[in-house]
1. Can you order the peptides 291-304, 475-488 by their average number of other Cβ atoms within 10 Å per residue, highest first?
2. Excluding ligands and nucleic acids, what accessible area in Å² is computed for D147 using a 1.4 Å probe, to the nearest 10?
3. Quote the FRET efficiency, to the nearest 0.05, computed for F59 versus M561 with a Förster distance R0 of 25 Å and r equal to the Cβ-Cβ distance.
4. Going down the table (K350/K392; K230/K268; K230/K433; K236/K446), which pairs top 28 Å between alpha carbons?
5. Ignoring ligands, DNA and RNA, what accessible area per residue does the chain give at 1.4 Å, in Å²?
6. Grab the Cα-Cα distance for A313 and A468, subtract it from 0.36 nm times how many residues apart they are, and report the gain in nm with one decimal.
7. Explain nothing, just the number: dipole magnitude of the chain about its Cα centre with +1 on each Lys and Arg Cβ and -1 on each Asp and Glu Cβ, in debye rounded to the nearest 20.
8. Under the rule of at least 5 residues apart or a separate chain, name every residue whose amide H is placed under 5 Å from the amide H of D167.
Amino acid sequence: MSDSAAPAEGMSKSALKKQAKREAIAKAKAAKEAERAAAAPPSSKKAEDEDPVDPSKYFEARTNKVASLKAADKSPYPHKFQVTSSLQQFLDTYASLKPEEIAEGVTVSLAGRIMTKRQSSQKLLFYDLHGEGTKVQIMANYQFHKDTDEKGENNFAEIHGVLRRGDIVGVTGVPTRTKRNELSMIPTSITLLSPCLHQLPHTHQGIKDQESRYRKRYLDLIINAQARQKFIVRSKIINYVRKFLDTNGFLEVETPMMNMIAGGAAAKPFITHHNDLKLDLFLRVAPELYLKMLVVGGYDRVYEIGRQFRNEAIDLTHNPEFTTCEFYMAYADYNDLMDMTEQMVSGMVKAVTGGYIVTYHPEGPGTEGVTIDFTPPYRRIPIIEGLEEVLKIKLPKADTFHTEETRAFFDKLLVDKGVDCSAPRTVSRMVDKLVGDYLESQATTKPIFITEHPQVMSPLAKWHRSKAGVTERFELFVSTKEVCNAYTELNDPVVQRQRFESQLADREAGDEEAQMIDETFINALEYGLPPTGGWGMGIDRLTMMLTDSHNIKEVMLFPAMRPEGGGEAPAE
């Protein structure tokens, strides 16, 4: 604010006009001074907080400063600051301001984090205020500053001497546009809302230690705009899936996270304990069985988006807890679901990226990229026919896959082809290894459906209506990674029990991922499950591809990490 006094009561119209003219001249002069400072070369004297300081000493100094503010009854943590506009709203609302124009008679209050502080002189400083993924320049000029100290004197130097990079502040002032055409604010008041006690890494350097980015995600989000954008894309993917299913008449539901039986998927579960019940429980590996019980109960179209937990290895594409969407649709089969998957996935990619083609670097930044075309339709490869074609051999009939002769055949085949498969070498595990090496690897530049899995691999899927020994199931693979898994649901309780018993035999042979018999689910099937299609998608992996992230930790806000100093092998 200028040094002109406030209008006195009883002033004549002529006097008021003269005072208004003086104030306008003072504002114009201040604005020109700011423009000259902005155009001038940076001062050789750095702002105090830009000086290289030992982090521990910086923390100590800032902590002491905060303590002194508290002692002086100037709390650096006020309860409330009235924000009148978001940063983006400010940029949109005053976009029409012309260079050197000041929005007369307008007062706006913004809040955000200081990411840059540039001192031109003792009475002129520039800040970049960041928030909500954007920034506004703050042009702090002594002549416009209205706040005073306890003596009634202008406290411009005091408040700006306290502020540092990383501090969260509230700013009240007047919108303007600089001569260099940058929309800015001239503050009349600045309030410290929450001081940053630690030195922030410079934005152009970022956080060099990748593990620190995952352990201190809050700091990663402050510094790294690209990391922030990845989680915005993740949210858009989830919202698209939810909207797609809601539009198609599905009901979103929630099912238990803790189960007495770990069913719904072939996976090793986590075990927890309920003290009151004196009972060990499993964290769910999938919500499938509960969702199908709801279809039995009369909800023809249900879905759930939520966390699953699997006690398995941590690597570039696996985290022990992860997010999936599963839906179940009465009176649909796997052919219907393949069509829906093409429609949903292609539509999602276009909505999120603006087109059907994305570039993905599966081996990480700096490596050769892969162009993936999500334009439908996607190729469909039946497992038996696909393996026979690529291996140039005739496989045993799928309805003999439960026999020892077939197990011995695949055991020899894997040895001959050099395909590794750890014990127990069941037919299910060995066929899965062959599919991984010879079929999944074909999903490079375009998604593919791998279909018609043998019954020994799919205990919950319905048998194929015209091919013995296989099921009506498909998996969608993108860039060699599974993204979706779906099938026509098995709804015959007698056959379902037989499948569970077959899985139990595999479990007793040492396969810890084989499913157990779930009597409650079988009982539900005995009341009648209509012909149903069931579908599941991994949110994390699809997010990896649409954000060009080769590590699943890049798309999970707080990924699983070993304790610090635990000797974690780098997965990057």
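The values are calculated or read from the model by the stated rules, or taken from the named source; none is laboratory data. Because the structure is a prediction, the values reported are computed rather than measured. Counting neighbours? That spans all protein chains shown, and the Cβs are built from the backbone with ideal geometry, glycine included. Please note that ligands, DNA and RNA were not included when accessible areas were found on the heavy atoms of the full protein model with its side chains. Shrake-Rupley method; radii C 1.70, N 1.55, O 1.52, S 1.80 Å.
1. On the way: 291-304: 18.7, 475-488: 22.3.
Final packing ranking: 475-488, 291-304.
2. 50
3. Numbers: r = 23 Å, r/R0 = 0.94.
The value I calculate is 0.60.
4. Numbers: K350/K392 38 Å; K230/K268 30 Å; K230/K433 32 Å; K236/K446 22 Å.
Result: K350/K392; K230/K268; K230/K433 exceed 28 Å.
5. Averaged over the residues of the chain, the accessible area is 50 Å².
6. Working: separation 155, 0.36 × 155 = 55.80 nm, distance 3.47 nm.
Answer, rounded to one decimal: 52.3 nm.
7. On the way: 72 positive and 80 negative charges, 640 e Å.
In total the dipole reaches around 3080 debye.
8. Residues meeting the amide H criterion: I114, C196.
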